[in-house]
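The values are calculated or read from the model by the stated rules, or taken from the named source; none is laboratory data. All values reported here derive from a predicted model rather than from experimental measurement. All Cβ positions, glycine included, derive from the backbone under ideal geometry; neighbour counts span all protein chains shown. Areas reflect the complete protein model, heavy atoms only, side chains present, ligands, DNA and RNA absent. Shrake-Rupley method; radii C 1.70, N 1.55, O 1.52, S 1.80 Å.
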Amino acid sequence: EDQVTQSPEALRLQEGESSSLNCSYTVSGLRGLFWYRQDPGKGPEFLFTLYSAGEEKEKERLKATLTKKESFLHITAPKPEDSATYLCAVQASGKETSGSRLTFGEGTQLTVNP
Amino acid sequence: GAVVSQHPSWVICKSGTSVKIECRSLDFQATTMFWYRQFPKQSLMLMATSNEGSKATYEQGVEKDKFLINHASLTLSTLTVTSAHPEDSSFYICSASRQLYQPQHFGDGTRLSIL
């Protein structure tokens with residue numbers, strides 16, 4: 001069974017204080033790892049897809065990296081508007097239809113104080 | 001962009017009522033749509049996967065007669081909660097992807113409250 005574990009559950013940072021969020025996963029053949037941002041009362045917003053170990057993606061203050069066992073979401077000099085819950089999800093290789101399903105972690109709730 | 005619209009965003013109704021939620025991909029055609037349920041402070045739980053023109057695939061433990069899913073076109077899927085009861089109250093979110101294995105794009109969810 002595919003599993004995704006995110007840590008920490010919650011993280012409080014001061015504006016400008018860089019940090020990283022962790023996503024550990026076990027999956028029977030990784031097809032893709034996805035990062036999403038979710039604001040309260042909203043649906044998740046797509047951030048990145050990573051497909052193979054060593055791959056990195058960047059968007060503004062966010063940088064996602066991938067190894068064979070985990071992914072990190074690095075946040076550089078965060079601002080209060082970066083406050084949200086960050087979700088990690090994996091997609092496993094498999095049969096059509098069922099293979100496209102995502103398994104989500106519980107998320108990291110990030111708060112950036114001004 | 002990849003915009004997914006979900007309607008309504010909020011609904012309150014009496015126990016025993018059936019409620020229909022719509023999910024539309026506005027600027028792309030979605031071969032696959034997904035329906036999730038999310039409880040407070042918890043992550044998303046996949047309920048079912050649907051492909052246009054075929055029957056939905058439900059996750060284990062999800063009652064298919066309770067949660068009816070129709071994916072009639074490449075831009076529209078509906079979830080009907082039949083004879084809803086208070087325990088069905090939750091945040092329901094849909095997502096859509098252009099093709100198999102491509103990123104899922106999510107709607108803004110529907111908060112369902114059954115009195």
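Here the accessible area is traced with a 1.4 Å probe on the protein chains. For chain B, carbon and sulfur cover 51 percent of it. Highest mean first, the peptides A:82-88, B:69-75, A:26-32 sorted by other C-beta atoms within 10 Å per residue fall in the order A:82-88, B:69-75, A:26-32.
Solvent exposure of chain A, expressed per residue, is 50 Å² of accessible area, with all protein chains present and a 1.4 angstrom probe. Using a Förster radius of 22 Å, what is the FRET efficiency between A:Ser24 and A:Glu1 based on their Cβ-Cβ separation? Nearest 0.05, please. In this case the efficiency is close to 0.90.
The DSSP beta bridges internal to chain B are antiparallel in roughly 90% of cases.
Shown is the FRET efficiency for B:Lys55 and A:Lys59, computed with R0 = 41 Å from the Cβ-Cβ distance and rounded to the nearest 0.05: 0.65.
In this structure, the amide hydrogen of B:Thr32, modeled 1.01 Å from its nitrogen in the peptide plane, lies closer than 5 angstrom to those of B:Ser97, counting only residues at least 5 positions away or on a different chain. Listed values for segment B:15-30 are Karplus-derived 3J(HN,Hα) couplings in whole Hz (6.51 cos²θ - 1.76 cosθ + 1.60, θ = phi - 60°), namely 4, x, 7, 9, 10, 10, 10, 9, 10, 10, 8, 7, 10, 7, 9, 10, and x replaces Gly and Pro. Among beta bridges from DSSP that stay inside chain A, the antiparallel ones total about 90%. Carbon-plus-sulfur accessible fraction, chain A (probe radius 1.4 Å, protein heavy atoms only): 46%. Taken across both chains, chains A and B shield about 1900 Å² of accessible surface from a 1.4 Å probe. Structural size metrics of segment A:1-88, computed from C-alpha coordinates, are Rg and Dmax of 12.8, 39 Å.
Among the chymotrypsin sites (Phe, Trp or Tyr not before Pro) found in segment A:43-83, those both in a DSSP coil and sparsely packed, with 16 or fewer other Cβ atoms within 10 Å of their Cβ, are A:Tyr51.
Less than 5 angstrom separates the built amide H of A:Gly107 from those of A:Gln6, A:Cys88, all sequence-distant by 5 or more or on a different chain. Scanning chain B for trypsin sites (Lys or Arg not before Pro) that sit in a DSSP loop and have at most 11 other Cβ atoms within 10 Å, the longest stretch containing none of them is B:42-115. Amide H contacts of B:Ile21 (H built 1.01 Å from N, in plane; Pro and chain starts excluded): B:Leu79, B:Thr80, B:Val81 sit under 5 Å, all sequence-distant by 5 or more or on other chains.
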